[in-house]
């Protein structure tokens, strides 16, 4: 099957299901891996019980490992409003019930502020969304070098979004926000998390099914435009899960 179609806003689009564009960061335990918010490195531990060793390379019958990972700090992850709520039912497994969405990929250059911060400004996002506003928006920031895949962000005050972007997207019914930065908010903002709150409209008009995906990576060969987005997660009863967002170009 090399062609499939979807209908969105009374228009039919085609895409090739055999041409996925993976925009996640691979999760591994090698020395060069991305990190933010002071998370410990991801680790894969071989299980050893009695004479059993969970490594074929070490003579075992199977590979059998335990992983140590912090979803918010080790690579691409998708989170629900439970990230900022005490509700025990606010988990990514409970909130994300659909997995295919029409998405717009945009590329923006963060702007410098007088205090030294770099932010993605509302006007640049609006400029890319002058026509049909999709169900999801994927933000790629410039510059976009490959070393984003191994960058250590902790303590560097990385770029973030103007919190008005969260409000703008919520007001236009964008359900899913994805970006290649550690967070939509400033690394240290006294716990305000303004963009998180604005996007989820929490706690007064909570958008229960909306998600934010952070720390993805969109290679430069993927052009801006309209895509079918597939958000893949692990069925964790937590506020966030390591995830694998995949794009399919719409024609």
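Overview of results
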quantity	calculated
DSSP bridge orientation in segment 1-148 - percent antiparallel, rounded to nearest 5	70
Neighbour-count ranking [beta-carbon atoms within 10 angstrom, fewest first] of 147, 172, 197, 77	147, 172, 197, 77
Segment 92-155: radius of gyration over Cα atoms, expressed as a fraction of 2.2 N^0.38 Å	1.42
Share antiparallel - DSSP beta bridges, segment 115-251, percent rounded to 5	45
Extension gain from residue 21 to residue 115, taking 0.36 nm per residue of separation minus the Cα-Cα distance	30.1 nm
Tensor-based shape of segment 124-192 (alpha-carbon gyration tensor, a/c under 1.5 rounded, otherwise prolate or oblate)	oblate
Convex hull volume of segment 38-142 per residue (C-alpha atoms, cubic angstrom)	222
Simple label model, 7 Å out from Cα along Cβ direction - residue 64 to residue 190, nm	5.3
Counting DSSP beta bridges with both ends in the chain, the antiparallel % (nearest 5)	70
Relative pair counts by distance (%), Cα atoms of segment 84-232, 10 Å bins	10, 42, 37, 10, 0
Among (1) 47, 39, 35; (2) 63, 51, 38; (3) 49, 44, 36, the entry derived from the coordinates for Cα extents along the principal axes in Å	(2)
Residue exposure sequence - 55, 235, 24 - by fewest surrounding Cβ within 10 Å	235, 55, 24
Residue order, fewest to most beta carbons within 10 Å, for 142, 129, 105	142, 129, 105
Cα centroid of segment 209-228 to Cα centroid of segment 3-18, whole Å	18
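FYI, it's all coordinate maths here, none of it is from the lab. Treat the numbers as computed from the prediction; the structure is a model and nothing was measured. Quick reminder, even Gly has a Cβ in these numbers, built from the backbone with ideal geometry, and neighbours come from all protein chains shown.
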